[in-house]
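Notes to accompany the following structure.
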Amino acid sequence: MSNKKFKTEVADLLQLLIHSLYSNKEIFLRELISNASDAIDKLKYLSMVDGNLKGYSFDPKIQISFTEEGERILKISDNGIGMNEEDLNNNLGTIASSGTKKFLSTLTDEAKKDSNLIGQFGVGFYSAFMVSKKIEVISRKAGEDQAYIWSSTGETSYSIEPSERDEQGTTVILHLNDDDTTYATRWTLESLIKKYSDHVAYPIYLEYDQTHYEDEKDENGNPKKTVEHKNEQINSCSALWRRNKSELKDEDYKEFYKNNYNDYEDPLFYIHTKAEGTTEYTTLFFIPKTAPMDMNYADFKSGVKLYVKRVYITDDDKTLLPTYLRFVRGVIDSEDLPLNVSREILQENRIMSAIRNGSVKKLLGEFKKLSTSNPELFTEFIKQYNRPLKEGLYMDYANRDLLLDIVRYKSSEKDGYVSLKEYKERMKEGQKAIYYIAGGKENVLKASPLVAAFRKKGYEVLILDEDIDEFVISTVPEYDGVPLKAINRSDAMDDVQSQEEKKEAEEKGAVAEKIASALGDKVKKVVVSARLGDAAASVIMDENDPSVQMQRLMKQMGGGDEEIKPILEVNPSSPFVARIQASEDEEKTKVLSEVLLGQALLQEGIMPSDPVAFASFLSKAMAY
Ligand code: ADP
């Protein structure tokens with residue numbers, strides 16, 4: 001008999017599992033079934049490749065049984081690869097999975113209390129100690145005769161002894177805690193298998209006794225009963241994505257999604273594709289109805305699982321799809337990748353990159369199609385995912401044209417969202433560019449006098465109110481041959497003024513110099529225009545300068561030392577500017593000019609850089 005101590009990290013993990021008030025204990029069954037399925041995968045694989053197990057024949061099966069009376073015992077048995085003495089020591093005496101190790105080392109004391117974290121990571125075999133006071137594992141490795149039994153109460157040590165087993169494989173025997181007897185009932189087991197393991201590629205059988213009551217009474221007057229012993233396959237056993245689209249119902253997809261992607265809502269839609277040709281693979285992608293909570297965190301969890309010929313490889317690879325598609329959930333199953341593909345290899349693998357490119361094209365193509373085939377659904381989609389898709393505009397140059405047809409913007413002319421295509425179709429004759437205004441809240445942008453100036457001319461203005469818009473749009477020079485132009489840049493000024501208007505304004509241009517000298521280096525320059533309508537002034541930027549909002553954002557992120565000043569555009573016909581024009585008092589000119597600049601900034605949703613000084617200029621101005 002050999003009695004051994006667990007490695008400290010295992011002991012720590014066990015303590016954590018057993019003593020945390022973990023609310024989602026049931027995942028232990030998923031973990032054990034997935035270990036069983038992995039073990040069968042391994043044996044199947046070895047029976048196919050060269051080696052001493054080549055040609056090994058067996059009938060893959062996972063068998064679950066339980067005792068409902070007396071001591072409650074739950075057994076999970078597989079006929080997979082099995083473990084010998086050394087494997088048992090290495091795999092169940094230490095923490096084999098590097099993911100689990102890393103998980104443990106990053107857990108702070110605070111996080112340890114938040115036991116839900118545990119379920120997200122899945123801690124494998126050891127999670128069975130959450131429901132068991134003792135666990136035995138009887139295993140026999142394929143190709144070897146001797147079986148062994150591993151046994152532990154989950155405290156500090158375990159033992160391994162020789163044992164017997166007819167076939168290769170592993171039986172995990174759980175002696176359930178008194179509080180966890182529900183895991184020895186048909187109902188619970190059946191529903192958990194369906195919930196978590198329905199698409200496991202091998203049949204999962206559940207053995208149970210079914211009691212029938214008959215009309216006839218026994219000698220005590222009770223209905224006669226007979227007990228029938230059953231052994232039934234519970235899972236549908238088919239990796240759903242491998243089945244033909246034609247034999248699948250909408251419900252099948254929805255159930256599959258909800259069971260496997262931790263969502264209680266139906267998906268918004270799904271895309272099931274079998275790619276044939278030089279690379280063969282199947283993809284089944286789901287778009288969640290509601291954007292995943294972690295979508296905008298840097299450490300979001302990838303939602304796509306990679307399989308190779310139904311054998312699960314990883315669900316933790318953020319490079320399976322580009323990050324701007326991080327909201328997509330689903331499965332990629334390849335025919336051509338090697339089974340033992342490692343994460344490092346995956347990132348540089350030619351087949352993988354063909355799969356990735358094909359998947360992206362497929363997804364974007366379907367998104368675009370949806371915009372015409374089902375506009376309502378598309379609107380729901382855009383409400384959730386417009387922002388990440390916009391990231392694609394600068395990250396994925398190769399697919400930019402496709403993305404430009406998918407992303408949507410708000411508009412000065414319509415509530416809701418418009419497409420660039422729609423905008424282009426509505427463009428006025430003679431209109432030279434697609435106009436937009438970026439950097440601020442929707443209501444502020446919409447109220448800008450510049451927007452009013454463009455609308456007056458009959459030009460629609462796109463309202464870009466998301467934080468990344470200004471940066472992203474600056475990387476997009478044109479859409480379908482039409483340049484994109486920011487209306488709050490000097491370059492777009494002339495687009496809404498006729499030559500005569502311009503000339504007329506310039507004749508009154510002396511006031512610009514007066515204001516410029518009063519404001520000193522607070523502005524880059526002061527220009528006059530005839531386009532502002534009722535407004536006295538507006539702030540714009542020189543063609544290649546970042547906006548004030550963007551500069552502030554960059555500063556927050558620790559960059560952009562040099563401050564680039566805005567241009568003050570003034571309307572010489574407004575009464576306010578006329579007062580400055582008429583002022584002969586230097587102090588008064590200064591005060592009114594400061595107020596003019598301050599209010600122009602506020603109008604664009606920008607706080608003047610010195611609000612206290614602005615307030616004091618304002619109260620002085622009231623006295624004039
Ligand atoms: P993980 O499955 O994440 O590697 P586990 O703690 O669940 O971590 O299992 C540790 C190791 O024990 C597995 O990697 C595998 O090598 C081995 N193992 C677990 N269950 C079985 C089984 N049913 N048959 C064969 N090997 C198993």
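Throughout, read-outs are computed from the coordinates displayed, never taken from laboratory work. Remember, it's a predicted structure, so these values are computed and weren't measured experimentally. Please note: Cβ atoms are built from the backbone with ideal geometry, for glycine as well, and neighbour counts cover all protein chains shown.
A few remarks follow.
- Note on N262/E513: beta-carbon distance plugged into 1/(1 + (r/R0)^6) with R0 of 51 Å gives a FRET efficiency of 0.20.
- Principal-axis analysis of the Cα atoms of the chain puts helix 27-48 at an angle of about 80° to the longest axis.
- Dipole of the range 378-534, positive direction: furthest Cα of V527, S517, I487, with charges on the beta-carbon: S517
- Dipole of the range 382-528, positive end: most advanced residue of L462, I406, L445 [Cβ charges, Cα centre]: L445
- Whole-Hz ³J(HN,Hα) from phi, Karplus 6.51 cos²θ - 1.76 cosθ + 1.60, for the range 200-210, glycine and proline x: 4, 6, 10, x, 10, 9, 10, 9, 7, 9, 10
- For the chain, the Cβ-based charge dipole about the Cα centre amounts to some 1240 debye (Lys, Arg positive; Asp, Glu negative; other atoms uncharged).
- With a Cα cut-off of under 28 Å and a minimum spacing of 8 residues unless on different chains, the lysine pairs in the range 121-251 number 15.
- Cβ-derived FRET efficiency at R0 41 Å, D467 paired with N357, nearest 0.05: 0.90
- The lysines whose alpha-carbon is closer than 20 Å to the alpha-carbon of K456, local same-chain residues fewer than 8 away aside, are K410, K414, K424, K428, K432, K446, K485, K502, K503.
- Along the chain, the longest continuous region that contains none of the trypsin sites (Lys or Arg not before Pro) in a DSSP loop with at most 10 other C-beta atoms within 10 Å is 429-624.
- Rounded to 10°, Cα long-axis angle of helix 186-197 versus longest principal axis of the chain: 50
- Contact order normalised by residue count of the range 431-564, Cα under 8 Å, 6+ apart, percent: 27
- The range 59-84 residues near the modelled T188 label - backbone nitrogen below 11 Å, point 7 Å along Cα→Cβ: 72-74
- Proximal charge balance of K224 [Cβ under 14 Å; K/R count +1, D/E count -1]: -4
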